[in-house]
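This report concerns only the one structure given below.
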Amino acid sequence: MVEHTLAGPHAAQKPGSDEPPMPQKIGKYEILGLIGKGSCGFVYKGYDPYVRRDVAVKTCRGFSLDAAQDEESIKRGFFTEARAAGMLSHPHIVSLYDAGSEAGMNYLVMEFVDGDTLMPACARNAARLPLDRVVDIIFKCAKALDYSHSKGVLHRDIKPSNIMLTPDGVPKVMDFSVAEVNDPAVVEDVKRNAVGSPLYMSPEQVQRMKLEPASDLYSLGVVMYQLLTGETPYGGSDLLQLFANIRFAPVPDIEAKRPDLPRELSTLINRLLAKRVEQRYQSGRELGNDLLRIFERLKQADLNLSRRESRDSLRSLRFFDSFSDEQIGEILSASHLLTYAPGVPIVREGDIDGAFYLIARGSAEVRKGNALIGTLLKGDCFGEIGFLSSTRRIATVTAATQVLALRVSSTLLDQVSTDCQLRFYKIFTQTLIYRLSLSNAKLSAATAPV
Ligand SMILES: Nc1ncnc2c1ncn2[C@@H]1O[C@H](COP(=O)(O)OP(=O)(O)OP(=O)(O)O)[C@@H](O)[C@H]1O
Ligand SMILES: [Mg+2]
């Protein structure tokens with residue numbers, strides 16, 4: 001029995017809006033607000049009062065339970081999604097909780113994802129996501145598709161608006177709305193209807209040919225292309241022109257638009273977008289493996305870059321004037337380059353900490369009790385007494401600005417080559433002697449008779 005009709009007495013309509021009134025309830029679900037509008041209906045944020053969780057309720061007009069002649073369509077259409085998606089349980093697929101029908105309106109109840117779709121990240125004028133983020137997102141979608149394909153479910157409508165990103169940036173594929181279950185009746189039904197979104201369709205999809213897992217992967221390739229360039233590979237003045245381009249135009253050279261792209265990534269995209277199914281990735285797993293390899297290489301390149309940046313910060317310090325790049329690299333791998341926000345203590349009076357510090361960037365204040373006794377700048381070092389004898393710190397050093405400091409501990413330094421150690425200790429001793437002579441000079445000035 002229908003509990004509430006969608007346009008029932010509880011429905012509220014925004015003044016001046018041409019949207020239909022927002023229902024207060026759909027089935028047992030309390031409706032909290034409208035979150036989106038798609039081709040077949042509305043998506044609402046709802047609340048399940050029994051399970052006590054937020055949900056997304058997607059309504060779809062077009063099929064009516066009341067009209068007997070439509071019953072077959074219901075089975076093969078809207079509820080195909082319910083059946084297909086209900087079979088799927090995966091961290092990168094939006095879970096389907098429930099499906100129902102009331103007052104001539106069908107609805108699906110899904111996991112509510114408190115995020116945005118991939119659409120904003122694909123927009124032409126959006127800031128492009130870093131390469132490793134794109135690779136990670138597509139990798140996770142490939143895993144989701146590999147899983148759904150292994151259950152015999154094709155998506156058929158992969159596009160940015162059907163991929164949600166959680167606030168942590170984790171993608172979740174949704175709307176297996178025109179999905180195909182291994183059911184010949186459904187295949188026929190889908191063949192008769194134009195399905196999918198034209199810009200993301202594979203050559204076989206625009207020809208209404210049988211789709212394969214590689215067809216979903218092609219559409220995912222279009223999404224990836226768009227994430228990287230802000231454009232889909234093909235356009236056209238009309239649908240026919242677009243379809244002709246998808247079938248016959250050469251795959252545009254992505255490197256012309258993204259010269260920073262590693263060759264292996266442009267090769268992967270070309271393979272995703274190949275015209276012939278057999279030239280493409282055949283499974284999400286195969287695609288995922290290649291993406292993972294590229295992801296790891298990008299991360300390694302990042303690491304190398306940050307190592308190079310760290311080395312460059314040390315290279316600019318007088319302390320390292322006589323060190324080769326390799327020796328600085330050795331010191332770096334046996335020490336820690338740490339960042340301190342303003343106000344954060346680097347060493348504390350009274351602590352025992354056998355490390356020596358060198359300020360690579362920023363400035364710090366030295367205090368004994370509450371008294372400010374000195375300021376340290378880029379290139380200055382401190383903590384040598386603790387480094388040599390592991391005694392208690394006699395003062396507190398606090399970052400005055402954002403500080404980048406090299407923290408060298410004597411135990412870690414034992415791991416570098418003898419040559420490098422000797423060089424380090426030589427400069428360290430010279431620095432120590434210089435600082436001691438400065439302190440002596442200050443002391444004699446203070447004690448000298450006026
Ligand atoms: N489970 C969900 N959680 C949170 N928001 C969602 C959820 N499902 C959909 N939305 C929001 O609703 C919007 C509309 O979704 P919908 O699937 O109806 O439209 P579409 O994908 O643009 O078109 P189509 O009808 O072709 O699928 C999405 O863009 C998204 O912002
Ligand atoms: Mg959708």
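Looking only at the stretch 163-178, count how many residues are modelled with pLDDT under 95 and within 12 Å of ligand 2 (Cβ to nearest atom). The total comes to 5.
Could you check residue 377 against (1) over 15 Å from residue 431 (Cβ atoms); (2) hydrophobic (A, V, I, L, M, F, W, C); (3) out of contact with any strand residue (DSSP E or B) (no Cβ under 6 Å at 6 or more places or on another chain) and say which number it fails? Every condition holds for residue 377 apart from (1). Please tell me if residue 334 is in contact with a helix residue (DSSP H, G or I) (Cβ under 7 Å, 6 or more places away or on another chain), modelled with pLDDT of 90 or more and among the small types (Gly, Ala, Ser). So residue 334 does not fit the description; no.
Yes/no matrix, rows are residues, columns are (1) among the hydroxyl-bearing types (Ser, Thr, Tyr); (2) within 29 Å of the chain's Cα centre (by Cα); (3) at pLDDT below 75; (4) closer than 20 Å to residue 173 by Cβ:
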| residue | (1), (2), (3), (4) |
| --- | --- |
| 40 | no, no, no, yes |
| 45 | no, yes, no, yes |
| 53 | no, yes, no, no |
| 62 | no, no, yes, no |
| 76 | no, no, yes, no |
| 79 | no, no, yes, yes |
| 83 | no, no, yes, yes |
| 87 | no, yes, no, yes |
| 95 | yes, yes, no, yes |
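Total residues in the stretch 404-435 satisfying the condition of being within 17 Å of residue 358 (Cα to Cα), among the aliphatic types (A, V, I, L, M) and in a helix (DSSP H, G or I): the figure is 5.
So which residues in the stretch 111-168 are on the phi > 0 side of the Ramachandran plot and in contact with a Leu (Cβ under 9 Å, 6 or more places away or on another chain)? Correct list: 156 only. Evaluate the following for residue 133: is it away from ligand 2 (no atom under 16 Å from the Cβ), part of a loop (DSSP other than H, G, I, E, B) and modelled with pLDDT under 95? When the stated conditions are applied, residue 133 does not pass them. The strands (runs of 3 or more DSSP E) falling completely within the stretch 292-388 that include 2 or more residues that are surrounded by 13 or more Cβ atoms within 10 Å (Cβ to Cβ) and free of Cβ contacts under 8 Å to residues at least 40 places away in the same chain map to 364-368, 371-376.
Working carefully through the options 114, 132, find the one that is of a type in the set (Asp, Glu), within 16 Å of ligand 1 (Cβ to nearest atom) and in the same structural domain as residue 226 (by TED's automatic domain parsing).
None of the other options fit; the residue is 114.
The values are calculated or read from the model by the stated rules, or taken from the named source; none is laboratory data. In this text, all values refer to a predicted model and were calculated from it rather than measured experimentally. Glycine also receives a Cβ, built like all others from the backbone with ideal geometry; neighbour counts cover every protein chain displayed.
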